[in-house]
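Here is the structure we will look at, set down as structure tokens.
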Amino acid sequence: MRFATAAIHVGQEPDPATGATIPPICVSSTFTQDEPGRHRGYEYSRTDNPTRRNYERCLAALDGGEDAAAFASGSAATCAVLAAWTRPGQRVVAYSDLYGGTYRLFEQVFRPWGLDVRYVERRDPAAFSEAVDESTRLVWLETPTNPRLHVLDIHAVTQAVRACNADCLVVVDNTFATPALQQPLELGADLVVYSTTKYIGGHSDLVGGAVVARSADRLVPVRFYQNAAGAVPSPWDCFLAQRGLKTLALRMHAHCANAQRVAAWASSQPAFSEVLYPGLPTHPDHEVAQRQMRGFGGMVSCVLRGGVDTARRFVSRTRYFACAESLGGVESLICHPASMTHASIPAEVRARHGLSDGLVRLSVGLEDVDDLIADLEQALMFAGEG
Ligand SMILES: *Cc1c(COP(=O)(O)O)cnc(C)c1O
């Protein structure tokens, strides 16, 4: 089954009891057993639930994985991978441009617990070889990164990591690209993590996360933790997210087209000192992105020459771009990472990682792109830069 077919059909087989074309949402928390210990595959919904299982099967199919586990949020999925696969004293190597909440989990939850977290600041695979040692359990990549939209060569990094430590797992947070644009497991990664809150849900109306594994044995400890810690999504949210999957390929195609237009427009504006979009030939990682992605995504970051004050005025003035955290919905959003999504990263660390205070991040939605550009134009004017 090809991607668009799997998105619509896997886990959506008609209900055998009624013939319902769309399987009913199974809200039951528990399942009646014929006699103690003899059940029909389900016992209790924290452990497993038919609606969640259908959704997990679809997630696995779309990434070319053998199995997937759904979580109550992307952060819960990240936490599950770290808790399931690492022990105190072991090392995790991560690329430095990271989602703020992932950085917070590394620094304020898992470092105090005993994890040795190291950050790599160069995209060069050799930089990962230098950081990975015998004790390294996981390498954590986000690509494209948030919010600087760096692109890491997943295949090259995976090869470099394996050469140093064959037992080290490579995890890719694929939230920005989604399986519609990038298939990390095919490029050599072991696990893929999602915040399904973003493009997979796609309508800014649910919070969720997922882990997909290339081989089912890599998911066994994650699934154990899913049941043991219990940060599972409700059947309602699984239903909504699975409905999102059905239009994911279509939406991503449209997000890419709109973002490319917005990035081209922003590049022509002297108010921006830098426009970061992997689809621009001027982007430093454009070639890698062309090779490993099927489209460049819906996220565009721009740096305002006027700095923090101009950036804050700009994001407060847009009409269609709502000033809000999160991304990936059909509606456009704009944010100022230094004071919003990335405020939990200390200012000097932000500066070292090139996250300028004048940077604004756009999640380009599916409105008419001419309206979106007109909106950005009037906001620039207000910010005193148009
Ligand atoms: C939002 C996000 C997360 C965290 O997901 P939640 O659903 O908000 O917990 C992780 N990684 C990336 C790249 C994100 O954008």
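Taken together, the values in this text are just the output of simple stated rules run on the coordinates, not laboratory data. Everything numeric here is computed off the predicted structure, so don't read it as measured data. Neighbour counts are summed over all protein chains in view; Cβ atoms, including those assigned to glycine, are modelled from backbone coordinates with ideal geometry.
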With -39,500 (n - 2.57) per DSSP H segment of 4 or more residues and division by the full residue count of the chain, the 222 nm estimate, nearest 500 deg cm²/dmol, is -11000 deg cm²/dmol
Here the Cα Rg-to-2.2 N^0.38 Å ratio for the range 169-226 is 1.14
So the pair-distance distribution of the chain, from every Cα-Cα distance in 10 Å bins, comes to percents of 5, 24, 32, 24, 12, 3, 1, 0
For the range 248-382, the Cα-Cα pair-distance distribution in 10 Å bins from 0, as whole percents, is 13, 44, 36, 7, 0
Across 10 Å bins beginning at 0, the whole-percent shares of Cα-Cα pair distances in the range 54-159 come to 13, 41, 38, 7, 0
To the nearest 10 degrees, the tilt of helix 248-267 (Cα long axis) against the first principal axis of the alpha carbons of the chain is 10 degrees
Comparing I200, I345, I22 in a Gaussian network model of the chain (Cα, 10 Å), the one with the largest mean-square fluctuation is I22
Phi angles of the range 93-106, converted by Karplus (6.51 cos²θ - 1.76 cosθ + 1.60, θ = phi - 60°) into ³J(HN,Hα) in whole Hz with x for Gly and Pro, give 10, 10, 6, 5, 8, 10, 4, x, x, 6, 4, 5, 4, 4
The chain: relative contact order from alpha carbon pairs under 8 Å, six or more residues apart, as a whole percent, is 17 percent
The summed charge of the A156 Cβ neighbourhood (under 15 Å; Lys/Arg +1, Asp/Glu -1) stands at -2
Across D375, D357, D97, the residue with the highest GNM fluctuation in the chain (Cα network, 10 Å cutoff) is D375
R104 and S215 label points (each 7 Å along its Cα→Cβ direction) are spaced in nm at 3.6 nm
When S268, S332 are ranked with the fewest other C-beta atoms within 10 Å first, the list becomes S268, S332
Distance in nm between R46 and A254 label points, each 7 Å along Cα→Cβ, equals 4.0 nm
With +1 at each Lys and Arg Cβ and -1 at each Asp and Glu Cβ, the charge dipole magnitude of the range 5-149 around its Cα centre, to the nearest 20 debye, comes out at 320 debye
Among P16, P278, P233, the residue with the largest mean-square fluctuation in a Gaussian network model of the chain built from Cα contacts under 10 Å is P16
In whole Å, largest first, the alpha carbons of the range 1-99 cover along the principal axes 51, 40, 20
Taking a crude spin-label model, label points 7 Å out from Cα along the C-beta direction, the E186 to T21 distance in nm is 2.9 nm
Phi angles of the range 220-236, converted by Karplus (6.51 cos²θ - 1.76 cosθ + 1.60, θ = phi - 60°) into ³J(HN,Hα) in whole Hz with x for Gly and Pro, give 4, x, 5, 5, 4, 5, 4, 6, 5, 8, x, 7, 9, x, 6, x, 4
In nanometres, the difference between 0.36 nm per residue of separation and the alpha-carbon distance of S268 and S316 is 15.1 nm
